[in-house]
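Worksheet for the structure shown next.
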Amino acid sequence: MSKKKSTSVKMRPESLMMSHGYKPELSEGAVKCPIFQTSTFVFKTAEEGKSFFEVAYGKRNLKPKEEVGLIYSRINNPDLEILEDRLCLWDEAEDGAVFESGMAAISTTVLELLKPGDLLVHSEPIYGGSDHFFKHILLKFGIYSIGFMPNQSKAEIIEMIEATGKAKNLAMIFIESPANPTNDLIDMKMCVEIAKKYSTKDKKVITAIDNTFLGPVFSHPLKHGFDLVLYSATKYIGGHSDVIAGACVGSKELMKRVKSFRSIMGTMASPNTGWLLMRSLETLKMRMTVQAENAKKVAAWLDKHPKVEKVYYLGLLKKGDKQYNTYKTQCLSPGAMISFDVKGGEKQAFKVLNAMKLIKLAVSLGSTESLAEHPYSMTHTPVNDDLKKKMNLTEKMIRLSVGVEHYEDIIADIEQALAKI
Ligand SMILES: *Cc1c(COP(=O)(O)O)cnc(C)c1O
């Protein structure tokens, strides 16, 4: 390492969220990036327009120091470009793309990278929208998918892949970790090894992860060899329950394909969404840190409560537990998602949910306010009963997304609610 390199300070993402990628001199000196609420951009000359289009359609590469020209907001817009540059910092990704929803990010990315006849392997359980997309929509296009459970071994998963008779066509491994709502972890290293096993000189099996629950602050899958990281930016990244958005980050090569397809599908985010997310990113680290600290206290309290049967929270994993090593290797914090079983069933769980005052009864997660829901009858309704049983998802479970309120107030609210049963 050169002397210069070792003494230069690399700033952390949270320090760069207020400035990275934005040039005030291009916006009348405004300290904040304005909302570029425009559909199209004026070219200085016809020659310039021609040259921008050549780059946009891949007819030539950018010259040294040349920046991508602004053409039309389905193709590019300053609010999205600056936001994408900032999002990349957390995952140390080469490039990123922002979408108008998490599902738009997932569907656009997967459709671009898979073709008829391909096999997709995914972890179970997976977000309801992704589940439906994989099992019903992709099937219409002749793309097959199979799911594996969090505790299945590498050998068992390989056996499942072989049993499909389509092992040669394996094109993507897609995981969600931690899994919702049980916080089960999927071993990223194992997935990368399986992908390598089925990759050939002409075909790389792509590894993709939905990193919504812990990322982008507490989990960095690209460092563990994953190719693509996807987000519902509606959750922690947006963080205020006021915007629906999604993102995908990864290598330049893959993101070029994803971004071209996004332009054609028209699934990009609006300038206003981009601007809202930039505002949110400024406080992302702070929010997630406070939420995780709160969750730690709430989980410890729940774990001792006589009316609570079991708590599903990464911070309660102990040395020797099956997933402890995976947790230590790939998570920087337990995050702020807690599920817990109350003693009883649906009736008792509903009583608690109906009695909460500070904590809002709503699906979604990752926002400043604490939210609670009943996975069995709400977010996980479409999951078949057999799978629910296998993953310990029963009527007595409540899922909690811990917010930024004072932890004692959160605990007091749960305490008075639990007292109703
Ligand atoms: C919410 C969510 C999605 C879908 O994102 P939208 O922004 O609602 O489209 C995908 N994955 C996970 C893990 C989610 O929680």
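The values are calculated or read from the model by the stated rules, or taken from the named source; none is laboratory data. Because the structure is predicted, anything quoted here is derived from the model rather than measured. Here the Cβ is made from the backbone with ideal geometry for all residues, glycine too, and neighbour counts use every protein chain on show.
Mind checking which helices (runs of 4 or more DSSP H) fall wholly inside the range 1-70 and carry at least 1 residues that are surrounded by 10 or more Cβ atoms within 10 Å (Cβ to Cβ) and modelled with pLDDT under 95?
46-56
State which residue is nearest to Y376 (Cα to Cα) when the search covers only the range 387-421 and only residues that are of a type in the set (K, R) and in a helix (DSSP H, G or I).
K388
With among the charged types (D, E, K, R) and touching a Ser or Thr at 6+ places or on another chain (Cβ under 6 Å) as the only criterion, which of R262, R287 stands out?
R262
Take the range 226-252 and flag every residue that is near the ligand (Cβ under 10 Å from one of its atoms) and not β-branched (V, I, T).
L230, Y231, S232, A233, K235, Y236, G238, A245, G246, A247
Which pairs have Cβ atoms under 9 Å, sit 6 or more apart or on different chains, and link a residue in the range 199-227 that is farther than 25 Å from N169 by Cα to one that is hydrophobic (A, V, I, L, M, F, W, C) and at pLDDT below 95?
Short answer, once both residue conditions are applied: F213/A179.
With respect to D187, is the statement that it is within 23 Å of L316 (Cβ to Cβ), in contact with a Ser or Thr (Cβ under 6 Å, 6 or more places away or on another chain), at pLDDT 95 or above and away from the ligand (no atom under 16 Å from the Cβ) true?
Considered against the rule, which asks whether it is within 23 Å of L316 (Cβ to Cβ), in contact with a Ser or Thr (Cβ under 6 Å, 6 or more places away or on another chain), at pLDDT 95 or above and away from the ligand (no atom under 16 Å from the Cβ), D187 comes out as yes.
Being outside any loop (DSSP other than H, G, I, E, B) and either small (G, A, S) or outside the structural domain of S153 (by TED's automatic domain parsing) (or both) is the filter here, so list the residues in the range 186-206 that pass it.
If the condition is that a residue be outside any loop (DSSP other than H, G, I, E, B) and either small (G, A, S) or outside the structural domain of S153 (by TED's automatic domain parsing) (or both), then A195 is the only one that fits.
Within the range 351-372, can one find any residue that is closer than 22 Å to N151 by Cβ, out of contact with any helix residue (DSSP H, G or I) (no Cβ under 7 Å at 6 or more places or on another chain), surrounded by fewer than 22 Cβ atoms within 10 Å (Cβ to Cβ) and among the acidic types (D, E)?
Within the range 351-372, not a single residue is closer than 22 Å to N151 by Cβ, out of contact with any helix residue (DSSP H, G or I) (no Cβ under 7 Å at 6 or more places or on another chain), surrounded by fewer than 22 Cβ atoms within 10 Å (Cβ to Cβ) and among the acidic types (D, E).
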